[in-house]
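Trainee: This structure is in C-alpha cells; I'll ask about it shortly.
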Amino acid sequence: MKVFRDRGAVSPSKTTTTDTPKSSFISDSSEPGSTDTKVSKPSLWSSFFASAFSVFDIYRDSSSTSHNEAPHIRHSNGWTSSVKKIVAGGTMRRIQERVLGTSKTGISNTTSDIWLLGARYKISQDDSSGNADATNALAAFHRDFSSRILITYRKGFDMIEDSKLTSDVNWGCMLRSSQMLVAQALLFHRLGRSWRKPVDKPLDRDYVEILHLFGDSEASAFSIHNLLQAGKAYGLAAGSWVGPYAMCRSWESLARSKREETNLEYQTLPMAVYVVSGCEDGERGGAPVLSIEDAARHCSEFSKGREDWTPILLLVPLVLGLDKINPRYIPSLQATFTFPQSLGILGGKPGASTYIVGVQDENAFYLDPHEVQPVVNFSRDDVEANTSSYHCDVVRHIPLDLIDPSLAIGFYCRDKDDFDDFCSLASKLADESNGAPLFTVANSYKSSKHDSSEVRDDDPLGVMTMNDAEGCLNEDDWQLL
C-alpha cells in the first residue's frame with residue numbers, strides 16, 4: 001500500500017460499513033484473529049448476543065401482557081432495542097473488528113501479479129514502463145473488483161416459511177457466498193468477462209435482471225428462500241449453518257427445479273450444473289474426478305436432448321485438510337484463479353464463509369457477506385434502480401493458509417471449446433501437483449475409479465470429498481459467526 005499511496009492514491013481512511021461503495025485501497029489493519037481453537041471467538045460472541053437478546057425478548061413479551069409494567073423494565077427494553085440496532089448495523093462489524101481482529105484490506109506493496117477470476121493485472125515495474133503502468137494496473141484491478149456482485153446479510157425480508165425469520169444475520173453467510181459465485185457466472189454468461197459496473201444510468205437491463213434473480217423473496221428465483229427450500233434434502237434450514245458440499249448440491253437441486261418450471265428458451269439459470277464430488281456410492285479417499293461423459297450428460301439433460309453441449313457451471317466441493325488447509329494444495333488453489341473459466345472459491349475463515357475472487361502471492365482477495373443491509377426490492381426492468389449495495393470498493397484479503405480447508409471451487413465454461421480448454425488446464429495442473437491434485441479429469445468416472453480412490457501413504461491429509469469428510473469432521477468444526 002505504501003507504494004500506491006506515494007503515487008497520489010486516496011489516503012487511508014477508516015473502514016466503514018454503509019450501503020454505498022466504500023473508499024478504495026484502504027491501508028492494512030490488524031491481523032485476523034486466532035483460528036486455532038475448535039470454538040471460534042466469533043461464535044462465542046454471536047452466541048452471547050443471541051442468548052442475551054432471547055432472554056430480553058421473552059422478558060419483554062411476558063411483561064407487555066401486564067397492565068402494571070415496572071419503570072425499570074421499560075428502561076431495560078429501551079437499552080435492549082439500542083443494542084439490537086448496534087448489532088444489526090455497521091457498528092457491529094466495528095465492534096467485532098476491535099474485539100476479534102480483522103482481515104487486512106487494500107493492496108500490499110508487493111509487485112507480484114494479481115489474478116482476479118482469470119484476469120491478470122501486472123503490477124511489476126521495470127525501467128521501460130515506470131510507475132504509470134503499475135498505477136494503471138491497480139486502477140484496472142480495482143474497477144474489476146468493485147464490479148463483482150456483492151451479496152450480504154439482509155434484514156427486513158419476508159418471513160422464511162414457518163421460521164418467522166426476516167433476516168439471515170449470523171447464519172446465512174454460506175448461502176450469500178454461493179449466491180455471489182452464481183451471480184458472477186450469470187454476469188459472464190450474459191454480459192461477458194470484460195463487463196464493468198455502469199457509472200451512469202440507465203443501467204444494463206441484463207445486469208438489473210441478474211440482481212433481481214437474487215432478491216430476498218420467493219418471487220426471485222435464486223433468493224435465500226428458494227435456496228433453503230431446494231436444499232432441505234441436504235440439511236439446509238433457516239437459522240442453521242451449512243457447509244460447501246450441501247450448498248453445491250442445493251444449487252444443483254434448485255437449478256433442476258427451475259428448469260422444470262420454465263421453457264428451455266427462458267431459463268433463469270441458462271447453463272447445466274455439475275457438482276464434481278467423487279463417487280456417488282460413498283467410496284472413501286481420493287481426489288474427485290471430473291468425468292467428461294458426466295459433463296456431457298448434464299448438458300444433454302439441461303437441453304432436454306436438443307443439444308450435445310451447453311454452457312455449464314462446475315462446482316467442486318473439497319476438504320483439503322482437517323483443522324487447517326494442507327500447504328501442499330495451496331499452489332494449486334492459487335493456479336485455479338489463472339484459468340479463464342475461474343469463478344473463485346466458496347471459503348474463508350473457519351465458520352465465516354466468504355467469496356474468494358482473486359490472489360496475489362500468498363494472499364486471497366474476497367468479498368465479505370458479513371455486513372447487514374436493509375432488504376432491497378426492485379423490478380427486473382428498473383434500469384434506474386439504486387444498486388450500490390451490491391458492490392464494494394474495499395479490497396479485503398486473507399492469507400491462503402488461514403482459510404478453512406472445507407471449500408468449493410467454481411468454474412464456468414461457455415461452450416465445448418471452452419470446456420475442452422478448461423480440461424486441458426486442469427489436467428496439466430493435476431500433473432504438476434506433486435501427487436496432491438485438487439481434482440482430476442477423465443473421459444469417464446469408471447475408467448479412473450481405481451486410481452482416484454487411492455490415498456498416498458505419505459499424505460495423511462489427502463483430498464476428501466465432503467461425503468468422506470463427514471465421518472471424520474465433527475459438526476462443531478463449523479462455527480457460526
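Trainee: Would you be so kind as to identify which of Phe378, Gly358, Val394 lies farthest towards the positive end of the dipole of region 334-432, taking Lys and Arg as +1 and Asp and Glu as -1 on Cβ and the Cα centre as origin?
Mentor: The Cα lying farthest towards the positive end belongs to Phe378.
Trainee: With charges only on Cβ, +1 for K and R and -1 for D and E, what is the dipole size of region 159-273 about its Cα centre, in debye, rounded to 20?
Mentor: Values: 13 positive and 13 negative charges, 77 e Å.
Once rounded to the nearest 20, the dipole reads 380 debye.
Trainee: Using the heavy atoms of the protein chains and a 1.4 angstrom probe, tell me the accessible area per residue for region 109-246 in square angstrom. It would help to have the intermediate numbers written out before the result.
Mentor: On the way: 5260 Å² over 138 residues.
Heavy-atom accessible area per residue stands at 38 Å².
Trainee: Turning to a different aspect of this structure: When N is the residue count of region 167-221, what does its C-alpha Rg come to as a fraction of 2.2 N^0.38 Å?
Mentor: Working: Rg = 12.7 Å, N = 55, 2.2 N^0.38 = 10.1 Å.
Against the empirical 2.2 N^0.38 Å value, I get 1.26 for region 167-221.
Trainee: Can you give me the long-range amide H partners of Ala364? Hydrogens built in the peptide plane at 1.01 Å from N, cutoff under 5 Å, separation of 5 or more residues or another chain.
Mentor: Those lying under 5 Å, H to H, from Ala364 are Ile398, Leu400.
Trainee: Something else now. Hey, rough spin-label estimate for Ala132 and Ser388, points 7 angstrom out along Cα→Cβ, what's it come to in nanometres?
Mentor: Between Ala132 and Ser388, the simple spin-label model gives 3.3 nm.
Trainee: Now for a separate question. When you take every Cα atom in region 217-358, what is the radius of gyration, and what is Dmax, the widest Cα pair distance, in Å?
Mentor: 16.2, 46
Trainee: Which far-off residues, 5 or more places away or on another chain, put their amide H under 5 Å from the one on Gly344, with H placed in the peptide plane?
Mentor: Gly410
Trainee: Moving on to the next point. Taking the Cα centre of region 301-404 as origin and charging only Cβ (+1 Lys, Arg; -1 Asp, Glu), how large is the dipole, in debye to the nearest 20?
Mentor: The dipole magnitude comes to about 280 debye.
Trainee: From the phi of every residue in region 321-335, what ³J(HN,Hα) in whole Hz does the Karplus formula 6.51 cos²θ - 1.76 cosθ + 1.60 yield, where θ is phi - 60° and glycine or proline is x?
Mentor: 3J(HN,Hα) across region 321-335, in whole Hz: x, 9, 6, 9, 6, 6, x, 5, 8, 5, x, 5, 4, 4, 5.
Trainee: Next question. Roughly speaking, what is the stretch gain from Asp206 to Asn443, that is 0.36 nm per residue apart minus the C-alpha to C-alpha distance, in nm to one decimal?
Mentor: Additional length available on full extension: 81.8 nm.
Trainee: Let me ask another. How high is the FRET efficiency between Asp323 and Leu191 when r is their beta carbon distance and R₀ equals 35 Å, given to the nearest 0.05?
Mentor: Rounded to the nearest 0.05, the efficiency is 0.30.
Trainee: Taking just the alpha carbons, could you work out the radius of gyration and Dmax for region 129-282, both in angstroms?
Mentor: 17.7, 61
Trainee: Report the full-extension gain for the segment Glu218 to Ser124: residue separation times 0.36 nm, less the Cα-Cα distance, to one decimal in nm.
Mentor: 29.1 nm is the gain from fully extending Glu218 to Ser124.
Trainee: Ok, one more. Cα-Cα over 20 Å: which of Lys258/Lys304; Lys164/Lys232; Lys155/Lys197; Lys122/Lys428; Lys201/Lys258?
Mentor: Beyond 20 Å between Cα atoms: Lys155/Lys197; Lys122/Lys428; Lys201/Lys258.
Trainee: Something else about it: What distance in nm separates the simple spin-label points at Thr111 and Lys232, each placed 7 Å from Cα in the Cβ direction?
Mentor: Calculated label separation equals 5.9 nm.
Trainee: Working out 0.36 nm times the residue gap between Lys304 and Asp158, then minus their Cα-Cα distance, what length gain in nm do you get to one decimal?
Mentor: 49.1 nm
Trainee: Give the peptides 302-308, 344-350 in descending order of average Cβ contacts within 10 Å, highest first.
Mentor: 344-350, 302-308
Trainee: A follow-up question, please. Measure off, as a whole percent, the carbon and sulfur share of the 1.4 Å-probe accessible area of region 344-393, all protein chains present. Please list the in-between numbers first.
Mentor: Numbers: 620 of 1390 Å².
On region 344-393, the fraction of accessible area on carbon and sulfur atoms equals 45 percent.
Trainee: FRET efficiency for Lys428 and Asp401, Cβ-Cβ distance as r, R0 = 25 Å, nearest 0.05?
Mentor: According to the calculation, E is roughly 0.55.
Trainee: Follow-up. Apply 1/(1 + (r/R0)^6) to the Cβ-Cβ distance of Glu260 and Thr338, taking R0 = 41 Å, and write down the FRET efficiency to the nearest 0.05. Kindly include the intermediate steps, with their values, before the conclusion.
Mentor: On the way: r = 36 Å, r/R0 = 0.89.
Taking R0 as 41 Å, the efficiency between Glu260 and Thr338 is 0.65.
The values are calculated or read from the model by the stated rules, or taken from the named source; none is laboratory data. All of these numbers come straight from a predicted model, not from anything done at the bench. As a convention, Cβ positions derive from the backbone with ideal geometry for all residues, glycine included, and neighbour counts pool all protein chains shown. Side chains are part of the model used for accessible areas, which takes the heavy atoms of the whole protein and leaves out ligands, DNA and RNA. Shrake-Rupley method; radii C 1.70, N 1.55, O 1.52, S 1.80 Å.
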